[in-house]
Amino acid sequence: MGSGGQARSTHWLDWTLNDLLEQLGGVPAERVRMVPMPGTATEEDLLAVESRTGRVLELIDGVLVEKVVGWYEMAVAVELAWLLKRYVQDRGWGVVLRTEGPLRIFPGQVRSPAVAYVSFQRLGRIREPVRPVLPVAPDLAVEVLSETNTPGEMERKLRDYFAAGVESVWYIDPKARTARTYSSLEECETISDEGFLRGGRVLPGLVVSLREIFQKAHQPRPDEPTCPSN
C-alpha cells in the first residue's frame, strides 16, 4: 500500500483502522469495504463487488472505497457529460465517460471520475472503450463533490491524478455553486456561479456556463422523455 499517499513510519500490516482511513484521506469508515481485506483487493474484486451491489467503487492501495453521490450531484455530472460528449464527438477528439467507466490511472489505482475525457491519442488503437477497466489516465478528470468527500481525500485524489499524467482536473461543488479548475497542483482557478468552465489546452474553445449546468441539472434534457401532466 501507499503508492499515492504520505509515507508512514510503520509497516501497513501494523496499522490501525485510523491509520488506514488517514492514508485514504480521512474518508468515512462506512465507505471502506472490509471484504476483501483492505490491502488485498484487486480490479477483479472491484468489478465483482460493483456487479453484485450496484455500488460505484474505487481501488486505492488495495482497498475498495465506495463513491457516494446524491441525486443532484449525479444530475450535475450527467448534464456536464452530455455537453462534453457532444463537443468532443463533433470534433472527433476522443470519448467522454461517466462514473461507470473506471480508469486504471496507474498500477493498483483505479479511479472513477464523475466525468472523464480521454483523447484518442491516449486511447491509441482503442476506439471504443469496451474493457471493464480502461488502462489509461484521462486528459480531463471531473469530480462533483458530495457531503461525504473530505478535504484530505480530494487532496490525495488531486495528487494521484497529476502523478498519473492527467492534464486538467475540475472539482465542482453543487452545494456552494462553485468550481475549482486545476492545470497542475499549484495552478488553480476558483469559478463562481456566474463564471465559466473553459477547456484550455485540453479542450480548446470549450466554454461552459457553470450556472447553466446547475440550472439544467434540475430539468430533463431535451432528449429525455417527460411524464405528461394530468
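The values are calculated or read from the model by the stated rules, or taken from the named source; none is laboratory data. The shown structure was predicted, so the numbers you read here are calculated from the model rather than taken from an experiment. Heads up, the Cβs are rebuilt from the backbone with ideal geometry, glycines too, and the neighbour counts pull from every protein chain shown. Areas reflect the complete protein model, heavy atoms only, side chains present, ligands, DNA and RNA absent. Shrake-Rupley method; radii C 1.70, N 1.55, O 1.52, S 1.80 Å.
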- Item | Residue pairs meeting the criteria (Cβ under 8 Å; at least 6 apart or on separate chains; first over 16 Å from Leu64 (Cβ atoms) and modelled with pLDDT of 90 or more, in the stretch 12-28; second not aromatic (Phe, Trp, Tyr) and not in a loop (DSSP other than H, G, I, E, B)) | Glu22/Gly152; Gly26/Pro151; Gly26/Gly152; Gly26/Glu153
- Query: Pro138 passes all but one of (1) on the phi > 0 side of the Ramachandran plot; (2) modelled with pLDDT of 95 or more; which number fails?
  - Reply: (1)
- Query: Out of all the residues in the stretch 136-172, which are hydrophobic (A, V, I, L, M, F, W, C), touching an Asp or Glu at 6+ places or on another chain (Cβ under 8 Å) and in a strand (DSSP E or B)?
  - Reply: Leu140, Val144, Val169, Trp170, Ile172
- Filter result (polar (S, T, N, Q) and either in a helix (DSSP H, G or I) or within 27 Å of Thr178 (Cα to Cα) (or both)) within the stretch 37-80: Ser51, Thr53
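Pick out the one residue from Arg98, Arg52, Arg122 that is within 16 Å of the chain's Cα centre (by Cα), of a type outside the set (Val, Ile, Thr) and surrounded by fewer than 22 Cβ atoms within 10 Å (Cβ to Cβ). Reasoning before the result, please.
Values: Arg52 fails: within 16 Å of the chain's Cα centre (by Cα); Arg122 fails: within 16 Å of the chain's Cα centre (by Cα).
Just a single option satisfies the conditions, and that option is Arg98.
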- Residue pairs within 7 Å by beta carbon, gap of at least six or interchain, first lying in the stretch 152-172 and at positive phi and of a type outside the set (Val, Ile, Thr), second open to solvent by less than 20 Å² (accessible area, probe 1.4 Å) and not in a helix (DSSP H, G or I), listed first then second, are Gly165/Ala137
